[in-house]
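Everything on this sheet refers to the single structure shown next.
The values are calculated or read from the model by the stated rules, or taken from the named source; none is laboratory data. Source: prediction; values computed, not measured. A quick note on method: Cβ atoms are made from the backbone with ideal geometry, for glycine too, and the neighbour counts reach across all protein chains shown.
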Amino acid sequence: MTPGCFLQSLSGPGYSRNFQQTKEELTRKLYCLYNTSVFHSKLPRNMSVSWNKKMRKTAGYCITGQERGGGNRYARIQLSEKVCDSADRLRDTLVHEMCHAATWLINSVRDGHGPFWKLYAHKATLAHPELPTVTRCHGYDINYKLGRHSKSLDTQRFVCALCTGQLVLLTPAKTRAPTPFANFVKENYGSVRQDLVGQSHGEVMRKLSVDFATKTKLSQS
Ligand SMILES: [Zn+2]
């Protein structure tokens, strides 16, 4: 079977029936396939791809970082159990997050959904025309049941955590121009948030103030 047929088959009923039992295996299979077909096997064979029970608004998340003392760069992917509840969602979300991992591991850039990410997204679409175009956000319905209410919720937009970061920072036009610090926060919040994954908003803001002070001192000296 060609890879193309395999990916397309994930939209059909065959995989969804046993999805919960087979998703780990399917994740590894998709990861290896994409690594070969889109990323020229430049991503680590054994990147951690795990399932997160809590994420509800985010289909997937790519954590990027670097080991202390200028050590190796790493990336880990988390997938939402609640949102990625079918083979086709897993297929689409995984490649989206792998594009984030690639910008960091291959190009040393964390550019959100910027030019590097778009380049890999485009490669993925070229390598697998049968995939829905790889875009910033995924529009998904929530299929899981909420408490006693079993009707499905309205369509929500599930975004990768990076999109959320950007959306949070978009504010309605203000009368005053933003301060340099506000601009700095806007540009760097996403990457610092990823560095300090698991820590509070307060911690992220503290780190940003320190970074901003350092940067300001450097540019004045
Ligand atoms: Zn993303």
Report every pair of residues separated by at least 6 positions or lying on different chains whose Cβ atoms are under 6 Å apart, first residue within region 181-210 and part of a loop (DSSP other than H, G, I, E, B), second not aliphatic (A, V, I, L, M). 196/203
Might you check whether a residue that is exposed (fewer than 13 other Cβ atoms within 10 Å of the Cβ), free of Cβ contacts under 8 Å to residues at least 40 places away in the same chain and part of a loop (DSSP other than H, G, I, E, B) occurs anywhere in region 21-40? yes
Residue identified as outside the structural domain of residue 198 (by TED's automatic domain parsing) and within 21 Å of residue 113 (Cα to Cα) among 57, 23, 53, 29: 57
Of the criteria (1) closer than 16 Å to residue 34 by Cα; (2) within 14 Å of the ligand (Cβ to nearest atom), which one residue 122 fails: (2)
Within region 81-116, residues out of contact with any helix residue (DSSP H, G or I) (no Cβ under 6 Å at 6 or more places or on another chain), within 14 Å of the ligand (Cβ to nearest atom) and under 22 Å from residue 12 (Cβ atoms) come out as 83, 92, 93, 96
Quick check, is residue 84 in a helix (DSSP H, G or I) and either in contact with a strand residue (DSSP E or B) (Cβ under 9 Å, 6 or more places away or on another chain) or surrounded by fewer than 17 Cβ atoms within 10 Å (Cβ to Cβ) (or both)? no
Consider only pairs whose beta carbons are under 6 Å apart and that are at least six residues apart or on different chains; among these, list those whose first residue lies in region 98-126 and is over 22 Å from residue 188 (Cβ atoms) and in the same structural domain as residue 65 (by TED's automatic domain parsing) and whose second residue is of a type in the set (Phe, Trp, Tyr) and at pLDDT 95 or above. 98/34
Given (1) among the charged types (D, E, K, R); (2) surrounded by 17 or more Cβ atoms within 10 Å (Cβ to Cβ); (3) within 16 Å of the ligand (Cβ to nearest atom), where does residue 57 come up short, assuming only one miss? (2)
